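As structure tokens, the structure follows; a few thoughts come after it.
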Amino acid sequence: MATPVRESALAFLKKLGVQDSAFASSGLAARSPITGETVATVRAHSAAEAGAIIAAAHEAFLTWRLVPAPRRGELVRLLGEELRAAKDDLGFLVTLEAGKITSEGLGEVQEMIDICDFAVGLSRQLYGLTIATERPSHRMMETWHPLGVCGVISAFNFPVAVWSWNAALALVCGNPVVWKPSEKTPLTALATQAIVERALKRFGPDAPPGLCALRTGDRAIGEIMVDYPRVAVVSATGSTRMGREVGPRLARRFARAILELGGNNAAIVAPSADLDLALRGIAFAAMGTAGQRCTTLRRLFVHGSIYDKLVPRLARVYGSVRVGDPRQTGVLVGPLIDAAAFDGMERALGDARAHGGIIHGGQRVAGIAGDAAFYAAPALVEMPAQAGPMLHETFAPILYVTRYQSLSEAIALQNAVGAGLSSSIFTLDMREAETFMSAAGSDCGIANVNIGPSGAEIGGAFGGEKETGGGREAGSDSWKAYMRRATNTVNYGATLPLAQGVVFDVEG
Ligand code: NAD
């Protein structure tokens, strides 16, 4: 018999170093989707406190920007060490608070460790170009400088990893970080903050007070960060609805925005596909994290010639997958985050039915926990055409499947939605694979071949186009979003030739 959720969560919070002062009799109710029970009430920051935290972070910026980048990297190296030590405990807390199965909870913390490793190396690689100039005895180059306070707004479904993708990079780039986690997952945020405090303590006085701060509260606290002039860059992860509110507000004060918004990801299964591999790839991408990943596979286009081979097999997999308490071995699909998520799923399925969809699964699964928890069988929906709910993200385990006849038709269908996050093709045909990844192919930020659209690693830039917001986080050169670029031209000669042949001779 598993330890009761509340008892277990409180014990892990204590073990991870969260102080009792983080809790209060009123504030944010932190619940576990495993049982639906309230685990603790977390103290929420007032607007005045939130402002003071940002002001302190700005003070921290004035000194942190002068600390050499490799030394800043040492703080992130220590953070990585602390995360390694806390991996099992924090991973399990992710399971308790977000409802992920245990390997996914641990995987989330591993991703935090990975980005720390990446950022430590990056701290010695913040490079700029040297550029040829047309003027003799001149040198032109670009230098990258810290930008200012980095605000992070995160979603419930990656309650801690999203913070780390931003924080590890922002810190080595010379920026303080102020974090507004999802109001649905404050506990893992508190635990992460306790881990950060340990790394800061080991790092010593080079880290100014206020360098890494947490602000708990609802979206109003996020809005303060968005509007606050001292916050130079806001990385906001969440729904497209949120991005539509946050984006224009940031633009109004010319602040930088990294928007990581909703996805409506597709996969194409071509006639030559390895169907065993495709089946496994589709199953993980569509049902993993109970369909609550931004990169979850939501639309599947199967070539007409193989539809009847693949889809019945897929329906059997959907019927056999184990839904249940995510702490149990063998369970692959845990709970939905809350009642609203289940309502959204039911609505989308009703809409799909009205559009002629044939639904396999999708019902509420009883007998796992009480009425306050929401477990659903993942739904596979055969659609006569791409229409209705297929065109929008529903944050639940629903996979719509439809037939296609030509690759160009499949690519057009895939690109015909607002979101542009992730995509994939299953094919053994090189021409198809290359076309899919070409300028005429997928319009998404992520385009994979022979793997599903979800489960990225931190080495590549992560993010998407169109209604996904255009932001990039993690690997490649995403770090540039956290720094400001200066172009420097140096004249080491004794004359002053002007660019473009301009003559401006003065007497004297
Ligand atoms: P959400 O939009 O409801 O909330 C996300 C965060 O934004 C929360 O912290 C919330 O308090 C804050 N927020 C909401 N409105 C705000 C406003 N007007 N101003 C400032 N802050 C505001 O999203 P959610 O339900 O927590 O997460 C699910 C969504 O996130 C899905 O759409 C999913 O696709 C998306 N997501 C995207 C990525 C990505 O990298 N593209 C990653 C994870 C989740």
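Taking the number of Cβ atoms within 10 Å of each Cβ as an exposure proxy, the fewest-first ranking of GLU134, GLU260 is GLU134, GLU260. Under Stokes-Einstein, with the Kirkwood radius over Cα pairs as Rh, the value for the range 292-349 at 37 °C and 0.692 mPa s is 237 µm²/s.
Measuring max minus min along each principal axis, the C-alpha atoms of the range 209-317 give extents of 58, 26, 21 Å (largest first).
Distance between the C-alpha centres of the range 300-319 and the range 343-417: 15 Å, rounded to the whole angstrom.
The spread of Cα positions in the range 265-457, taken along each principal axis and listed from longest to shortest, comes to 52, 35, 31 Å. Distances longer than 22 Å among the Cα atoms of the range 3-116: what percent of all pairs is that? Cα-Cα pairs of the range 3-116 separated by over 22 Å account for 51 percent. Our note on the geometry: Cα centres of the range 135-208 and the range 1-54, 22 Å apart. Only Lys, Arg, Asp and Glu carry charge here, each on its Cβ (+1 for the first two, -1 for the last two); on that basis the range 150-256 has a dipole of about 160 debye about its Cα centre. The number of Lys pairs in the chain with C-alpha atoms less than 18 Å apart, excluding pairs fewer than 8 positions apart on the same chain, is 5. Placing +1 on the Cβ of every Lys and Arg and -1 on the Cβ of every Asp and Glu, with no other charges, gives the range 265-457 a dipole of roughly 360 debye about its Cα centre. Cβ crowding within 10 Å, taken as a proxy for footprinting-reagent exposure, orders LEU277, LEU171 from fewest neighbours to most as LEU277, LEU171.
Nearest 5 is fine: what % of DSSP beta bridges in the range 265-457 come out antiparallel, could you say? Approximately 20 percent, going by the DSSP bridge assignments. Scoring 410-420, 492-502, 204-214, 296-306 by mean Cβ neighbours within 10 Å over their residues and listing the highest first yields 296-306, 410-420, 204-214, 492-502.
Overall size of the chain from C-alpha positions, given as principal axis extents largest first: 87, 58, 37 Å. Neighbour counting of Cβ atoms within 10 Å sorts the residues LYS180, LYS466, LYS201, fewest neighbours leading, into LYS201, LYS466, LYS180.
Using a Debye calculation, one point per C-alpha and no hydration shell, please list log10 I(q)/I(0) for the range 345-424 at q = 0.17, 0.19 Å⁻¹ in order. Values, matching the q order: -0.72, -0.86. Hey, what angle do you get for helix 161-172 against the long axis of the chain, alpha-carbon based, 0 to 90 degrees rounded to 10? That helix lies at roughly 10 degrees to the long axis. The packing ranking of peptides 342-350, 161-169, highest mean first, is 161-169, 342-350, where packing means the average number of other beta carbon atoms within 10 angstrom of each residue. Bridges between two residues of the chain, per DSSP, are antiparallel at a rate of about 40%.
Principal-axis analysis of the Cα atoms of the chain puts helix 102-122 at an angle of about 20° to the longest axis.
Listed peptides 150-156, 247-253 appear in the order 150-156, 247-253 once ranked by packing, highest mean of other Cβ atoms within 10 Å at the front. With the convex hull drawn over the C-alpha atoms of the range 69-109, the volume per residue is 62 Å³. Output the relative contact order of the range 265-457, whole-number percent, from Cα pairs under 8 angstrom with separation of 6+ residues. Value for the range 265-457: 30 percent. Here the label points at GLU346 and ALA499, each 7 Å from Cα along the C-beta direction, are separated by 6.3 nm in the simple model. Can you tell me the 0 to 90 degree angle between the C-alpha axis of helix 240-252 and the longest principal axis of the chain, rounded to 10? For helix 240-252, the angle is close to 10 degrees. The magnitude of the dipole of the chain, with charges of +1 and -1 set on the Cβ of Lys/Arg and Asp/Glu and taken from the Cα centre, is near 480 debye.
Bear in mind that the values in this text are calculations on the coordinates, not laboratory data. All values derive from a computational prediction rather than experimental measurement. Heads up, the Cβs are rebuilt from the backbone with ideal geometry, glycines too, and the neighbour counts pull from every protein chain shown.
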